[in-house]
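So the structure is just underneath, and the comments pick up after that.
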Amino acid sequence: MKYAVLLADADGTLFDFHAGERKALGETLLACGIPDDDALAACYSRVNQHHWKRLERGETTQQRLRVERFEDFLRELTAMGIPCAMHSPQQMSQTFVDALSRQRVPLPGAEAFLRTVAAHMPVYLVTNGIASVQRGRFEQSELRRYLADILISEETGHFKPDPFMLLEAMRRAGVTQKRQAVMLGDSLTADIGAANAAGVDSILFTDGAPTPSPCPATYVAQTLSQAARLVLGQEG
């Protein structure tokens with residue numbers, strides 16, 4: 001066996017984050033009396049992604065991100081002519097986080113992937129997500145049984161692409177040789193960046209999308225079944 005431990009991202013890799021985010025945002029908007037439509041959802045996603053990229057670059061904190069993304073979102077709504085001055089970004093943030101913690105839609109093939117890999121090596125989740133969201137989702141998910149442990153940036157104080165969580169997962173797994181670890185994730189900046197910083201192999205999961213160029217990952221997998229074969233040394 002080429003690898004002794006798999007380090008895996010959560011959103012966009014094992015969970016269908018976009019489906020969960022869309023449902024949670026819809027619940028939040030309706031709770032605030034704001035129309036729930038796809039245009040507003042696209043606006044929120046754009047604002048949210050901007051703040052997560054700032055976090056990856058060390059330009060903000062997760063605590064600030066949770067509120068400031070809704071401050072910016074409410075400003076966007078106001079510019080669209082949607083009355084929302086009465087809404088608190090702090091309350092919207094809490095409503096959204098609570099709703100998101102209840103969303104646990106796995107990507108197609110995620111359970112089969114974890115079942116296959118976990119039969120051969122421990123799987124450690126390493127995620128930049130908010131602790132209450134990720135624990136709420138995974139502890140009630142059918143995927144939890146396959147995970148040796150979960151490392152969350154809010155709890156460790158380190159955010160990918162910082163390699164800390166990857167190295168800590170290897171320490172917990174008792175893996176001392178970097179060539180024995182591999183990171184699976186969908187983000188070039190966060191996941192593949194963290195793997196490169198840690199000095200371990202990486203698999204970029206594209207979920208059917210073409211391979212980006214340039215691609216600094218060791219391998220690319222368009223499907224989770226292909227990713228399983230790469231982790232188990234059956235191709236690549």
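Just need a number here: residues in the stretch 131-161 that are under 16 Å from LEU6 (Cβ atoms) and either touching a residue at least 24 places away in the same chain (Cβ under 8 Å) or buried (at least 17 other Cβ atoms within 10 Å of the Cβ) (or both).
Adding up the residues that qualify gives 9.
So, in the stretch 110-130, of the ones that are surrounded by 17 or more Cβ atoms within 10 Å (Cβ to Cβ) and part of a loop (DSSP other than H, G, I, E, B), which residue ends up modelled with the lowest pLDDT?
Per the criteria, the residue is GLY129.
Conditions: (1) without any contact (Cβ under 8 Å) to a residue 60 or more places away in the chain; (2) within 30 Å of SER93 (Cα to Cα). GLY174 meets all but one. Number of the miss?
All conditions pass for GLY174, except number (2).
Name the single residue, out of those in the stretch 215-236 being touching a residue at least 40 places away in the same chain (Cβ under 8 Å) and under 18 Å from the mean Cα position of the chain (by Cα), that is surrounded by the most Cβ atoms within 10 Å (Cβ to Cβ).
Among residues in the stretch 215-236 that are touching a residue at least 40 places away in the same chain (Cβ under 8 Å) and under 18 Å from the mean Cα position of the chain (by Cα), the one surrounded by the most Cβ atoms within 10 Å (Cβ to Cβ) is ALA227.
Which one is farthest from VAL123 (Cα to Cα) among residues in the stretch 145-154 that are modelled with pLDDT of 95 or more and of a type outside the set (Ser, Thr, Tyr)?
My answer is ILE152.
Since ARG104 meets every condition but one in (1) closer than 23 Å to ARG144 by Cβ; (2) basic (Lys, Arg); (3) surrounded by fewer than 16 Cβ atoms within 10 Å (Cβ to Cβ), which condition does it not meet?
Answer for ARG104: the failing condition is (3).
Which residues, counting only those in the stretch 80-101, are assigned to a loop (DSSP other than H, G, I, E, B) and on the phi < 0 side of the Ramachandran plot?
MET80, ILE82, PRO83, CYS84, ALA85, MET86, HIS87, SER88, SER101
Looking at the stretch 210-236 only, could you name the residues that are of a type in the set (Gly, Ala, Ser) and farther than 17 Å from LEU14 by Cα?
Of everything in the stretch 210-236, those that are of a type in the set (Gly, Ala, Ser) and farther than 17 Å from LEU14 by Cα turn out to be SER213, ALA217, GLY233, GLY236.
Name the residues in the stretch 124-149 that are under 18 Å from SER187 (Cβ atoms), of a type in the set (A, V, I, L, M, F, W, C) and in contact with a strand residue (DSSP E or B) (Cβ under 7 Å, 6 or more places away or on another chain), would you?
Selection gives LEU125, VAL126.
Return a yes/no flag: does the stretch 53-60 have any residue that is out of contact with any helix residue (DSSP H, G or I) (no Cβ under 9 Å at 6 or more places or on another chain) and at positive phi.
Yes, some residue in the stretch 53-60 is out of contact with any helix residue (DSSP H, G or I) (no Cβ under 9 Å at 6 or more places or on another chain) and at positive phi.
Within the bounds of the stretch 17-36, is there any residue that is in contact with a His (Cβ under 8 Å, 6 or more places away or on another chain), more than 21 Å from ILE192 (Cβ to Cβ) and in a helix (DSSP H, G or I)?
There is no residue in the stretch 17-36 that is in contact with a His (Cβ under 8 Å, 6 or more places away or on another chain), more than 21 Å from ILE192 (Cβ to Cβ) and in a helix (DSSP H, G or I).
Could you tell me which of the residues MET165, MET170 is closer than 23 Å to GLN49 by Cα and surrounded by 20 or more Cβ atoms within 10 Å (Cβ to Cβ)?
Exactly one residue qualifies, and that residue is MET165.
Kindly evaluate VAL133 against the criterion of being part of a strand (DSSP E or B), among the hydrophobic types (A, V, I, L, M, F, W, C) and under 17 Å from the mean Cα position of the chain (by Cα).
So VAL133 fails the test.
From VAL175, VAL182, grab the single residue that is under 11 Å from LEU7 (Cα atoms) and at pLDDT 95 or above.
So the residue among VAL175, VAL182 that is under 11 Å from LEU7 (Cα atoms) and at pLDDT 95 or above is VAL182.
Give GLN49, GLN90, GLN62 a once-over and let me know the one that is touching a residue at least 60 places away in the same chain (Cβ under 8 Å) and within 25 Å of GLY136 (Cβ to Cβ).
GLN62
The values are calculated or read from the model by the stated rules, or taken from the named source; none is laboratory data. Keep in mind that this is a model prediction, so the values were computed, not measured. All Cβ positions, glycine included, derive from the backbone under ideal geometry; neighbour counts span all protein chains shown.
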